[in-house]
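Written out below as structure tokens is the structure these notes cover.
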Amino acid sequence: MLSLQLWCRAWYRPICASMVAAAGHVPVQTISTTCGANARADRGGPPGKYPRQSDRKEYMRVSSVFSAGAAKTRSDKNKGLLGDKPSVAPVLDRIAMPPEPLSVDGWSNLQLQYEHYRDFTGLVMDQMIRNNTDVDVAKSLLSYVAVKEGDITYKLLLRYLVLCVQQKHTREIYDVCDIMKGKYDMLDTGAHSLLIKGLSATDRWQEAIASLETIKKASTPSARNYGECIKGAMEHRERELAWTLYDEMVHKDLVPPEDAIQSLFNADQDLQDEASRKRLYNILADFRKNQIYPGQPLMKTIKSWFERIPNETWKGQLTKATDSGHCQACKEQLESIHLTPEEYNTLKKAVIDAVIKGEDTFRKTTPEELKKFLQFVDSQPPFDIVVDGLNVAYLSRGNSLSTPLLTVVSYLAARGKRVLVLGRKHMLISSKKWLKEDIRHLQECADCFFLDNISLDDPFLLYACLSSGSHCCFITGDLLRDHKACLPDTETQRLFFKWQRGHQLVLPFYSAGNVQLQPILTYDTILQNTHDSWHIPYDEIGVKRATYEVPKTWLCLKKFS
């Protein structure tokens, strides 16, 4: 073990051992075209959607429940309906932190005030990390520990490294790195991850690569580990190393961090040869394949990269799409939300195999009920719209649940739609909520199938809709994420999400006698390109997008001859 004098000499560049020994002070809209009266040929534009609710909340209208920020809007609206809940009190700091470095005696006196804390120094250092305290204050604490204990523990040293990396104190990071490597034969993954983050942007960036290799021997490095090393390699013009690390990360099914991708697009011009451009185009192809949306900073870097391509003239504009699916900037028609017949058949088979025939834990029905339902659907002409009866009924804030359901179904039937309503058997028992006359009229204007009260209707809805053909739409507020997750691969899940957005109709709110279905889009929100254009949907800064939502903003890149 290092002596105290040697420890302090190695640790404090600005602090001499005599200071420690002296223990002095340390200076440190209306119904969509999908359900239009004469729209039978082009049914199936993308839907809007809201989460399933059983507490009858009213929903505010948004452009689409699949649009970025829609979930946040609903959440804010629901808070208003439910009233403000008392805010949770913030976690108060346990220890009064000194505003400046303390002497050993000063720290000793402070610890006496909190002698009931078993790990005083650990708590103080954790609090310093939370508050981003000046490192000089932290160093004075370490000086105190060195005097009192004769050594500084690995755990405390690691916490100090967190603070140094957090504040990007390069010289301090160097010192801690040297001390830890000299004092310990092996460092854990957490320490190596910190060193990767702290060293990758410095002149000692190759030590970050070494730490990455060390982590590989014990486990799989994180995407963040790889990302930091990629950025470091690109910053130091080691292009091939950066691409090797990128390919390795993707091969391990890790999602590359955006700032790492940004560094690849942002490389110096002399590093951007034909091979590099091809690799960058492949990244964009991955965005399309995996339905990845770049954030605004990365989008701006991609725009700049296109506009810097030698011997080509690209112009980028930030824009949105019209309701008809045209880019507002270049007027080009975006790709349709509709699946091709081949895609539709693939999805239909996958859903039936995984959700209906498979062991879907979210199905919750009996074999007898499922068989009866399949026979019922297969014996009927194709439906135009399948309705989640309970979901629609609970839009009402009144006493009767059957009235809003009847209103919506009557509205659809009056427009020539063949409707299937999925309900529960308890709806057939006359009550204040389920009026007998309403249910009778409901059965007159639509086909109805009443499930057992404990059954979940989503799998039945999916089967009825997909079996009816690509024109059939459905109404529910359920996000269907559990059933999407049951599908066998990411490509089938992508097709499901595309079909869902193209066929799910939404009632954003209900008022007596007023039925307004949320318009559904006609275009797909996915990166797309032609020989002279690119359209890249991206996430705006400050817009909180749920995973099932898609951006509303686009980068339009147009090539001019």
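The values are calculated or read from the model by the stated rules, or taken from the named source; none is laboratory data. The structure displayed is predicted, hence computed values, not measured ones. Heads up, the Cβs are rebuilt from the backbone with ideal geometry, glycines too, and the neighbour counts pull from every protein chain shown. Note: areas computed on protein heavy atoms with side chains; ligands, DNA, RNA excluded. Shrake-Rupley method; radii C 1.70, N 1.55, O 1.52, S 1.80 Å.
Checked against (1) farther than 30 Å from THR492 by Cβ; (2) of a type in the set (Lys, Arg); (3) open to solvent by 60 Å² or more (accessible area, probe 1.4 Å); (4) modelled with pLDDT under 95, LYS300 passes all but condition (4). Filtered by the rule that a residue be surrounded by 15 or more Cβ atoms within 10 Å (Cβ to Cβ) and aromatic (Phe, Trp, Tyr), segment 520-561 gives TYR523, TRP534, TYR538, TYR548, TRP554.
Here is a yes/no grid of residues against (1) of a type in the set (Ser, Thr, Tyr); (2) surrounded by 15 or more Cβ atoms within 10 Å (Cβ to Cβ); (3) within 19 Å of LEU298 (Cβ to Cβ):
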| position | (1), (2), (3) |
| --- | --- |
| ALA208 | no, yes, no |
| GLY227 | no, yes, yes |
| LYS231 | no, yes, yes |
| MET234 | no, yes, yes |
| LYS252 | no, no, no |
| PRO256 | no, yes, yes |
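Would you check if there is a residue in segment 312-333 being touching a Gly at 6+ places or on another chain (Cβ under 8 Å), closer than 20 Å to GLU491 by Cα and either surrounded by 15 or more Cβ atoms within 10 Å (Cβ to Cβ) or not acidic (Asp, Glu) (or both)? The answer is no, given that none of the residues of segment 312-333 is touching a Gly at 6+ places or on another chain (Cβ under 8 Å), closer than 20 Å to GLU491 by Cα and either surrounded by 15 or more Cβ atoms within 10 Å (Cβ to Cβ) or not acidic (Asp, Glu) (or both).
Tell me which residues, restricted to segment 467-486, are surrounded by fewer than 24 Cβ atoms within 10 Å (Cβ to Cβ) and at pLDDT 90 or above. The answer is SER467, SER468, GLY469, SER470, HIS471, CYS472. Exactly one of (1) at pLDDT 95 or above; (2) out of contact with any Cys (no Cβ under 8 Å at 6 or more places or on another chain); (3) open to solvent by less than 20 Å² (accessible area, probe 1.4 Å) is unmet by ASP247. Its number? All conditions pass for ASP247, except number (3).
Picking from residues in segment 414-438 that are over 28 Å from ILE356 (Cα atoms) and part of a helix (DSSP H, G or I), the one that is most open to solvent (accessible area, probe 1.4 Å) is LYS436. Annotation: LYS372 fulfils all but one of (1) modelled with pLDDT under 95; (2) under 31 Å from the mean Cα position of the chain (by Cα); the unmet one is (2).
A residue that is under 18 Å from TYR344 (Cβ atoms) and either surrounded by fewer than 18 Cβ atoms within 10 Å (Cβ to Cβ) or in contact with a Ser or Thr (Cβ under 9 Å, 6 or more places away or on another chain) (or both) occurs nowhere in segment 507-519.
For segment 533-561, taking the residues that are among the acidic types (Asp, Glu) and in contact with a Phe, Trp or Tyr (Cβ under 8 Å, 6 or more places away or on another chain), the one that is farthest from LEU318 (Cα to Cα) is identified as GLU549.
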